[in-house]
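The values are calculated or read from the model by the stated rules, or taken from the named source; none is laboratory data. Since we're looking at a predicted model, the values are computed, not measured. Neighbour counts are summed over all protein chains in view; Cβ atoms, including those assigned to glycine, are modelled from backbone coordinates with ideal geometry.
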Amino acid sequence: MRWFLPLLFLLAACASDPAPAPIPPPVTPTEYVRTPTDCAKLTVEALVVDAGHGYLFGTHAEWLPKGQFVRIRVAITNTDNTFHTTRTTDYQLSDAADAAHPVNNDAMAIKRQPTDVTIGAGNRLELDLWYDIPLDTAPKLLRDTVCTITTPLPS
């Protein structure tokens, strides 16, 4: 009888182990790609250009620029009857020396500006784009790098 008890525990342990389930393949999100329809249906208008910021602060951080921070207030209007998505990183600032500057991710995060924007049918969205450009230059125009559209800046 003594040999039967360990055998019973061994059988119970083996019976309770189910076969391992197969590991599902990882789900990789598909990156949103703007289409020519998106480019035709979204209009971008620069409303305000505010250059010469020597520092930036928000609710959780302070940041110094390498040169100067430039804030551009833009209005993006969706003229279509369905939603369209755009990214703030698609908009570069060209300065007086024709150098292209990407959106400053740190400044955008500190000022809590979105990175991906979905605009509903017939809606208009205003947001700030923040750039870090050299001190010895001035902002000239805004360039949509995906749609190859330029937007003049107000003087």
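Overview of results
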{"read-out": "Only listed residue being in a strand (DSSP E or B), surrounded by fewer than 18 Cβ atoms within 10 Å (Cβ to Cβ) and modelled with pLDDT under 95, chosen from Thr150, Thr89, Thr77", "value": "Thr150"}
{"read-out": "Hits in the stretch 101-124 - residues which are assigned to a strand (DSSP E or B) and either at pLDDT below 95 or buried (at least 17 other Cβ atoms within 10 Å of the Cβ) (or both)", "value": "His101, Val103, Asp116, Val117, Thr118, Ile119"}
{"read-out": "Residue count, the stretch 56-77 (criterion: among the polar types (S, T, N, Q) and out of contact with any Leu (no Cβ under 6 Å at 6 or more places or on another chain))", "value": "2"}
{"read-out": "Odd one out for Asp98, checked against (1) surrounded by 14 or more Cβ atoms within 10 Å (Cβ to Cβ); (2) within 16 Å of Asp136 (Cβ to Cβ)", "value": "(1)"}
{"read-out": "Residue check, Ala97 at pLDDT 90 or above, of a type in the set (A, V, I, L, M, F, W, C), part of a loop (DSSP other than H, G, I, E, B) and touching a Ser or Thr at 6+ places or on another chain (Cβ under 9 Å)", "value": "yes"}
{"read-out": "Close pairs (6 angstrom Cβ cut-off, 6 or more residues apart or separate chains): in contact (Cβ under 8 Å) with a residue 24 or more places away in the chain in the stretch 99-118, outside any strand (DSSP E or B) anywhere", "value": "Val103/Thr88; Val103/Thr89; Ile110/Gly58; Ile110/Ala61; Lys111/Gly58; Thr115/Thr88; Thr118/Phe83"}
{"read-out": "The stretch 118-155, residues that are over 17 Å from the mean Cα position of the chain (by Cα) and of a type in the set (Val, Ile, Thr)", "value": "Ile133, Thr137, Thr148, Ile149, Thr150, Thr151"}
